[in-house]
Each structure stands twice: as C-alpha cells, then as structure tokens.
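A short write-up of the structure that comes next.
The values are calculated or read from the model by the stated rules, or taken from the named source; none is laboratory data. These numbers come from a predicted model, not from an experiment. Don't worry about glycine lacking a Cβ; one is built from the backbone with ideal geometry, like all the others, and counts go over all protein chains shown. Remember, those area values only see protein heavy atoms, side chains included, never the ligands or the DNA or RNA. Shrake-Rupley method; radii C 1.70, N 1.55, O 1.52, S 1.80 Å.
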Amino acid sequence: MAAGTLPVISYSLDSADRITAVSSDWTEFAAANDAPELTPGNVLGKLIHDFVSGDEVRALYRVLFQRVR
C-alpha cells in the first residue's frame, strides 16, 4: 500500500453468503493485528455470518445482502 493511501479491506460473497475472496489489504490487516483466524485460508468458503456477533445483527446482514442482490 502506498504511503498516505487508505487500506481497502474488502471481501466478496457468493449467493449463499460464503466468503469467496478477500483483498490483499484484508490479509495485511489480519497479519498486522496478529489475527491468524482472519487470514484467507481461515475465512474463504466460510459463511460471513460466522464472523458477525449477535443474532439481530446477523439477521440484519441477511436482509441487507438479500436486498442488494
């Protein structure tokens, strides 16, 4: 990442809400924050909802994802 550039921490989901890709900045963020559980090998193929806390928040994410598709 270039100096003065904000990171682009992003992910892609399939139609079942599984994580299919993460940005290189995501990977750098996981490494910089000692979060091996968030590296691509540990998140790809998993449901995004597995990483969201709270039943209400998970329900909101499901509704939002359905509406934007």
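A few comments on the model shown:
- Enumeration of residues in the range 24-43 that are touching a Ser or Thr at 6+ places or on another chain (Cβ under 9 Å) and loosely packed, with under 14 Cβ neighbours inside 10 Å: Ala31
- If the condition is being surrounded by 10 or more Cβ atoms within 10 Å (Cβ to Cβ) and more than 11 Å from the chain's Cα centre (by Cα), then the range 46-62 contributes Val57, Arg58, Ala59, Leu60, Tyr61, Arg62.
- Hits in the range 35-55 - residues which are assigned to a helix (DSSP H, G or I), under 16 Å from Asp14 (Cβ atoms) and not aliphatic (A, V, I, L, M): Pro40, His49, Asp50, Phe51
- Scanning the range 1-23 for residues that are farther than 22 Å from Tyr61 by Cα and either basic (Lys, Arg) or open to solvent by less than 80 Å² (accessible area, probe 1.4 Å) (or both) returns Ala2, Thr5, Pro7.
- When the criteria are applied in full, Leu6 fails the requirement of being modelled with pLDDT of 95 or more and among the aliphatic types (A, V, I, L, M).
- Checking Asp25 against (1) within 17 Å of Phe51 (Cα to Cα); (2) part of a helix (DSSP H, G or I), the condition it does not meet: (1)
- Pick from the range 4-20, criterion in contact (Cβ under 8 Å) with a residue 40 or more places away in the chain and either of a type in the set (Gly, Ala, Ser) or part of a loop (DSSP other than H, G, I, E, B) (or both), ranking: nearest to Ile48 (Cα to Cα): Asp17
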